[in-house]
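In what follows, a structure is listed as structure tokens, so that the remarks can point back to it.
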Amino acid sequence: MLHMIGNAHIDPVWLWRWPEGCAEAIGTCWAAIDRLEEHEGFVFTRGEAQIYAWIEAFDPALFARIRTFIAAGRWVVVNGWWVQPDCNIPSGEAFIRQALYGKRYFRERFGIEVPVGYNVDSFGHAATLPMLLRHTGSTAYVFMRPGPHEMEVPADFFDWRSPDGSTVPTFRIPIAYGTWAHNMSFDEKIDRHLEMSAKAGQPFMCFYGVGNHGGGPTRETIATIDRRKAAGDPLAFSDPNRFFSETVSLPRPTVATELQFHAIGCYAAASRLKQLNRLAEARLSQAETAATLAHRGGAPYPTAELTTLWQKLLFNQFHDTLGGTAIESACIDAERELGAVISGADAILNGGVRHLSASVRPGPDGRDATLFLANFNATDFDGLVEAQPWADFDSSSARQLLDEDGQPVPFQYVQPEGLTNGLQRILFWVAIPGFGYRLLRYAKDTAGLVPPSVAAPPTPLVGHVVETGGWRMEIDPATGAIARLVNRSSGLSVFTGAAHRGVIVDDPTDTWSHGIDRFGFDGEATRLERVITVEDGPLRRAVEIITSAGKSTLTTRVLLPADADLPVELQVRLDWREQRKLLRLAYPLAGSRFEYEIAAGWVERPDDGREVSGQRWVRAVRSDATVSLANDAKYSYAAKDGVLYITALRSPPFAHHDPVVLPEGASPRWMDQGEQQFSLRIGVGGTRRDAMRLADELLKPPVVTPHVARGGTAPARGQWLQVESASGAVIALKKAENGDDMVLRAIALDEVADRVAVDGAAFTVPARGIASVRLGPDGVRMSDGLED
């Protein structure tokens, strides 16, 4: 049997902006209604809740017709997600929210459950997706990329298994999700599928319909199916739900790996957009956590506001948007939208902090600047924090930073952001419990203690060595790379060669980098221009290394803490002026294994030079230690001969797709021109849990704000929620969608199950798996990603 799947893949954003995508979606769905009314046997398949939400808002008559055909079983909903996102870049929590908001929408509007996951146009699929699909109620999956020429699988219909053991029956569309005349005739496509079905000895799906900019099945294709059926071909108007229900008991091979890669270039293209995505995910996490803890104390919970922000983020994680393969105007739209998500999350975060701090008693002296510090990660924070405390500053009067018991806290002055008389910024060490808070006072000195000196102006570095009590760094005088970085406590030399070495590499590929699986490694290396000391205090030294190559400048501020247990941070400012080139940053780590964070987990990949996607951290395991690198913006990596490379950005033309050749003399818009900033942290030793913590603290640092509330009675140091875990990580804390329970989500990072205790109540997370629980008056109850 050949299941004929009438569909219309619609890119809401690609070679057009979203308003045009919205219009095309409405027009295409009207065309599908026309075909359904003309042909009694025709069945139409359509996913993505965002499309239905547009139709509900802008064309109620069409929405009513769709509801009628859904009830009749002839309009079939698949996917169950808000859009078809990129399936490597979003966080694990973002994938869960795709299903949470998508499936909730279909349940509320149509009274249906959507069992089939469906991302037919996404460029690759993370190894943890079967786990995330199962955790959110999906029982099968359909994809198309990578195709047979990009990745071999034992069959087009197989069981796909995640590292935790979760499995979903999965179908790879073997030719295309649509019908295009320039590809092959529809009759030829049907013949090819009948041959594949006969060879496999199993039913197959054959997808048809005009896609991308919409259109859907045509009268001609429907008539062709009728003609072939009348001639005796085993064809049926069908849908993916029917296909999987009729084939669930058939034998299938198992694939236990990620499904990669179709287009390696999209993980380094549109780097500003990708950084905004990562910051939006992090800020929403902090905002949701703060709002949840505040709600536990009686504050109202901003459910509607958070839902809107999440849906805006999810829409902009569409694969051509977040993959950076859309036109420039569409990318600009997405940057603005993601900026709005961050701004909205900031407002919610501020509201949560204000409610939480209101319960804490005021500081002992209203004349002093009292700082409220909140940690919205589950793990304890123990490190350096910067703040700009407002006080009547007089350089002739000493000030001290005091803790809750009036004991001095070590600090140093650092350069403030503004250049206004009397404005000071301080750096201090502090420990804050997980999901907890502290109060500190920036007070006039009454104890006769010697205060830190005011921040000195930047000065040229003498020599090429920078040392603190915890770290020693040597700078290559030719390239400006880190020639040596030594942890003085362990004696470990972190790098085995010149690190943070920038190389500009020629990149003639299109925006997707079609047809290759790796970029070059050789090119023009950066050259050192100058080194400046910008901080020199008891807690940290900092130097700024200015390098250049081609027409571009790479400025790196290296922050070396005095404590060897704290990470080294690299704050990078890049002014990029290249075209058809990419920037590699090299980190020789002598790693025997490289582990990359992916959505709600990690995956190990060989150091064979292939370009791969990864999320916030990479962990290099070697004979003498482990080294973890976390960053706040990048998703594209390669490892070769023990060296980790971050592909910081690429500059092809916007939306250039082979085999189109740029006309001679053309002046296209080039990607990622101008200045951008990002940061990396380097941590030595530790587990995968420590790598997660390194990334969490970079993306979700403690919130520091003046403590101005006066009516609180809670102690000056406390913990709102206590979470204990041996090897796992909490990835979400939120209020339940229904009821006042809290929902906590955790993943296990090791090959053994993890026991997580929340305020004394415990639950188990499967090895390399995920668990969601509801926390309420009755204790802990296991749940899922849909909170049911």
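The values are calculated or read from the model by the stated rules, or taken from the named source; none is laboratory data. Everything numeric here is computed off the predicted structure, so don't read it as measured data. Positions of Cβ are generated from backbone atoms using ideal geometry, with glycine treated the same way; all protein chains shown enter the neighbour counts.
Matching residues to (1) assigned to a helix (DSSP H, G or I); (2) over 29 Å from Glu93 (Cα atoms); (3) not assigned by TED's automatic domain parsing to the domain that holds Tyr101:
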site	(1), (2), (3)
Asp233	no, yes, no
Arg242	yes, yes, no
Ser249	no, yes, no
Leu273	yes, no, yes
Arg283	yes, no, yes
Pro300	no, no, yes
Leu306	yes, no, yes
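Could you list all residues from segment 258-302 that are more than 18 Å from Ala638 (Cα to Cα), over 18 Å from the mean Cα position of the chain (by Cα) and not aliphatic (A, V, I, L, M)? Correct list: Thr292, His295, Arg296, Gly297, Gly298, Pro300, Tyr301, Pro302.
Put simply, of Arg97, Arg74 the only residue that is surrounded by 22 or more Cβ atoms within 10 Å (Cβ to Cβ), touching a Leu at 6+ places or on another chain (Cβ under 9 Å) and of a type in the set (Lys, Arg) is Arg97. Confirm whether Arg755 is charged (D, E, K, R) and buried (at least 16 other Cβ atoms within 10 Å of the Cβ). Criteria not met by Arg755.
Can we say Ala269 is assigned to a loop (DSSP other than H, G, I, E, B) and either touching a residue at least 60 places away in the same chain (Cβ under 8 Å) or among the aromatic types (Phe, Trp, Tyr) (or both)? Criteria met by Ala269. Within segment 350-359, does at least one residue satisfy the condition of being more than 14 Å from the chain's Cα centre (by Cα), under 30 Å from Arg441 (Cα atoms), of a type in the set (Val, Ile, Thr) and not in a loop (DSSP other than H, G, I, E, B)? Yes, some residue in segment 350-359 is more than 14 Å from the chain's Cα centre (by Cα), under 30 Å from Arg441 (Cα atoms), of a type in the set (Val, Ile, Thr) and not in a loop (DSSP other than H, G, I, E, B). For segment 258-276, the criterion of being at pLDDT 95 or above, buried (at least 20 other Cβ atoms within 10 Å of the Cβ), among the polar types (S, T, N, Q) and in contact with a helix residue (DSSP H, G or I) (Cβ under 8 Å, 6 or more places away or on another chain) is met by none of the residues.
Going by the structure shown, is Arg573 closer than 20 Å to His464 by Cβ, in contact with a Leu (Cβ under 9 Å, 6 or more places away or on another chain) and either basic (Lys, Arg) or outside the structural domain of Val466 (by TED's automatic domain parsing) (or both)? No; evaluated as a whole, the condition is false for this residue. From the list Ala57, Ala99, Ala61, Ala25, the lone residue that is under 16 Å from Asn212 (Cβ atoms) and not in a loop (DSSP other than H, G, I, E, B) is Ala25. Filtering Glu113, Glu93, Glu152 for residues that are without any contact (Cβ under 8 Å) to a residue 12 or more places away in the chain and charged (D, E, K, R) leaves a single hit, Glu152.
Checking each residue of segment 390-413 against the condition of being touching a strand residue (DSSP E or B) at 6+ places or on another chain (Cβ under 8 Å), among the aromatic types (Phe, Trp, Tyr) and in a loop (DSSP other than H, G, I, E, B) gives at least one match. Looking at segment 697-715 only, could you name the residues that are buried (at least 18 other Cβ atoms within 10 Å of the Cβ) and modelled with pLDDT under 95? The answer is His707, and nothing else.
The rows are residues; the columns are (1) aliphatic (A, V, I, L, M); (2) closer than 29 Å to Glu604 by Cα; (3) under 23 Å from the mean Cα position of the chain (by Cα).
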residue: Asp741; (1), (2), (3): no, no, no
residue: Ala753; (1), (2), (3): yes, yes, no
residue: Ala762; (1), (2), (3): yes, no, no
residue: Ala767; (1), (2), (3): yes, yes, yes
residue: Ser772; (1), (2), (3): no, yes, yes
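Within segment 513-529, at least one residue is surrounded by fewer than 20 Cβ atoms within 10 Å (Cβ to Cβ), free of Cβ contacts under 8 Å to residues at least 40 places away in the same chain, acidic (Asp, Glu) and in the same structural domain as Asp607 (by TED's automatic domain parsing). Can you tell me how many residues within segment 749-773 are without any contact (Cβ under 8 Å) to a residue 24 or more places away in the chain, farther than 22 Å from Gln719 by Cβ and either aromatic (Phe, Trp, Tyr) or not in a loop (DSSP other than H, G, I, E, B) (or both)? Final tally of qualifying residues: 1. Scanning segment 153-199 for residues that are in a helix (DSSP H, G or I) and either of a type in the set (S, T, N, Q) or at pLDDT below 95 (or both) yields a count of 1.
Among the residues of segment 568-592, those identified as in a loop (DSSP other than H, G, I, E, B) and buried (at least 22 other Cβ atoms within 10 Å of the Cβ) are Glu578, Leu589, Gly591.
Residues in segment 482-497 that are touching a residue at least 60 places away in the same chain (Cβ under 8 Å), over 12 Å from Gly470 (Cα atoms) and either among the aromatic types (Phe, Trp, Tyr) or in a strand (DSSP E or B) (or both): 2 in all. Could you please let me know if Ala304 is free of Cβ contacts under 8 Å to residues at least 40 places away in the same chain and aliphatic (A, V, I, L, M)? For Ala304, the condition - free of Cβ contacts under 8 Å to residues at least 40 places away in the same chain and aliphatic (A, V, I, L, M) - is met. The listed residues are Leu559, Leu554, and the only one of them that is more than 25 Å from Phe411 (Cβ to Cβ), in a strand (DSSP E or B), assigned by TED's automatic domain parsing to the domain that holds Met473 and aliphatic (A, V, I, L, M) turns out to be Leu554. Taking (1) part of a loop (DSSP other than H, G, I, E, B); (2) in contact (Cβ under 8 Å) with a residue 24 or more places away in the chain in turn, Glu40 satisfies each apart from (2). Just checking, does segment 682-705 include any residue being free of Cβ contacts under 8 Å to residues at least 60 places away in the same chain and under 29 Å from Ser166 (Cα atoms)? For segment 682-705, residues free of Cβ contacts under 8 Å to residues at least 60 places away in the same chain and under 29 Å from Ser166 (Cα atoms): absent.
Which one is nearest to Ile264 (Cα to Cα), of the residues in segment 510-551 that are aliphatic (A, V, I, L, M) and part of a loop (DSSP other than H, G, I, E, B)?
So the residue we want is Ile516.
When Ala330 is tested against (1) assigned to a helix (DSSP H, G or I); (2) in contact (Cβ under 8 Å) with a residue 40 or more places away in the chain; (3) under 19 Å from the mean Cα position of the chain (by Cα), only condition (3) is not met. Among the residues of segment 750-770, how many are under 25 Å from Ala290 (Cβ atoms) and touching a helix residue (DSSP H, G or I) at 6+ places or on another chain (Cβ under 8 Å)? Matching residues across segment 750-770 total 1.
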